[in-house]
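Undergrad: One structure is given below, represented as structure tokens, and several questions about it will come after.
The values are calculated or read from the model by the stated rules, or taken from the named source; none is laboratory data. Quantities reported herein were computed from a predicted structural model and do not represent experimental measurements. All Cβ positions, even for glycine, are placed from backbone atoms using ideal geometry, and neighbour counts span all protein chains on display. For the accessible areas, the whole protein counts, side chains as well, though only heavy atoms, and no ligand, DNA or RNA atoms are used. Shrake-Rupley method; radii C 1.70, N 1.55, O 1.52, S 1.80 Å.
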Amino acid sequence: MPESSEPAFTQLKSIKTHSLPSFSQQMRIEVDSYLVQSCRWLTMLSCLLIVVFLAFRVLNQQGLSVLQVTMVVTPLLALMGISTYLALNYPQFKRRFYTVTYMVCLAICWSGWVSLGIVNSPELLSSYESLVNILGLAFVIALFPLRSWCLIVVLGFVVFISFWRIYLLPADFALISTTKLICFFIVIVTGQIVANGWFIRAVKKDVENKRLLQKLAHQAQTDALTELANRGCFDNTLTTEIANSQRTQKPLCIILLDVDFFKKLNDSLGHQKGDKCLIEIAKMLAGVANRPRDLCARYGGEEFILLLPETDLAGAIIVAEKIKKRLSELAIPHPDSNVSQFVTVSQGIAQFKSGMTEDELCHVADENLYKVKQSTRNHFAFNES
């Protein structure tokens, strides 16, 4: 069996949990994704507001100059194209910069168009003021995960419309108008704080739920003591590998191991020493069977089993000899063993043959293990054919 260049002891590949992003990483992912979506619906909202406002002017028999139409359509189409291009082509880590830049540019375009409209039709100041209020709310929703930018854009809209009201109606900009603008800003700030708090809690809960599901999935496939695969995980993987071996006609072997005189070790040294012995053996086995598709599992009690895909009988014998050698190097004391002063294992090897079921393959390995336990111990047995 070919050697692996991977470290000697790693968590088994088949049950190793994939690393999940931290809360801060997930938060950035969610914010960036939300900003991309915000660019799209802000553009669609802008189109709708433009159409409605132009229709309003036409219905009220208010002429539209070529300059006004150009000021509306050209920036909007350009920004729509830029938004789509950036959202689809730029890497994730650059999206925040471009999406925020896009929304700021969109706000500036709106300010320019509204200014042009107010200059040409001062009598529509109240209508334009309502339009700016709608835009302010829209940009709050679009930018609420980024408090600084949200407040900058909204404050810009407030200052912008306040300027025009002071310029056109200085006498009217008294206590009531000032109070209205201040209250509007306070409502916006409060709404942003509430929405952002809800957003943070939702992301945090999502991360916690993913980690919990990952932990439960890991526990369902892992032996609690040794951190190897458990019996259920081994059975499922064996079924898959047998089907793969049938399809590809590549060899498959298993090795069933039993710790020699383990009950005596527990009786003489105690269960804590026995558990520590099993953990050490598990680490050693995982280091031996460490190819990407190899699987080492705790089969039950002091029994372990190795699944070796694309490994013939000769390769499995090499693995069994390596296990025997590595275990002797560990030199785990066993005061009551009948074959050695150190812990040893007996091994039964079985090679899959076409038409075999999972139970039949495991039965062959168990029979070979029984032969070793009835004779020499600290060795392995296999069928020649």
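Undergrad: If a residue must be under 17 Å from K180 (Cβ atoms) and either of a type in the set (D, E, K, R) or touching a Phe, Trp or Tyr at 6+ places or on another chain (Cβ under 8 Å) (or both), how many such residues does region 131-168 contain?
TA: The total comes to 14.
Undergrad: Which of the residues that make up region 270-322 are over 23 Å from K353 (Cβ atoms) and in contact with a Pro (Cβ under 6 Å, 6 or more places away or on another chain)?
TA: Across region 270-322, there are no qualifying residues.
Undergrad: Please go through region 285-306 and give me each residue that is open to solvent by 20 Å² or more (accessible area, probe 1.4 Å), touching a residue at least 60 places away in the same chain (Cβ under 8 Å) and under 19 Å from S346 (Cβ atoms), ordered by number.
TA: Within region 285-306, R298, Y299, G300 qualify.
Undergrad: For the condition out of contact with any strand residue (DSSP E or B) (no Cβ under 6 Å at 6 or more places or on another chain), modelled with pLDDT of 75 or more and either of a type in the set (V, I, T) or open to solvent by 60 Å² or more (accessible area, probe 1.4 Å) (or both), what is the one hit in V73, V52?
TA: Being out of contact with any strand residue (DSSP E or B) (no Cβ under 6 Å at 6 or more places or on another chain), modelled with pLDDT of 75 or more and either of a type in the set (V, I, T) or open to solvent by 60 Å² or more (accessible area, probe 1.4 Å) (or both) holds for just one of V73, V52, which is V52.
Undergrad: Related question: Looking at T248, T226, which one is modelled with pLDDT of 90 or more, hydroxyl-bearing (S, T, Y) and either in contact with a Ser or Thr (Cβ under 8 Å, 6 or more places away or on another chain) or loosely packed, with under 14 Cβ neighbours inside 10 Å (or both)?
TA: Testing whether each residue is modelled with pLDDT of 90 or more, hydroxyl-bearing (S, T, Y) and either in contact with a Ser or Thr (Cβ under 8 Å, 6 or more places away or on another chain) or loosely packed, with under 14 Cβ neighbours inside 10 Å (or both) leaves just T248.
Undergrad: Say we look at region 1-44 and pick out the residues that are acidic (D, E) and in a helix (DSSP H, G or I); which of these is modelled with the lowest pLDDT?
TA: D32
Undergrad: Can you pull out every residue in region 324-374 that is among the hydrophobic types (A, V, I, L, M, F, W, C), part of a helix (DSSP H, G or I) and surrounded by fewer than 16 Cβ atoms within 10 Å (Cβ to Cβ)?
TA: L330
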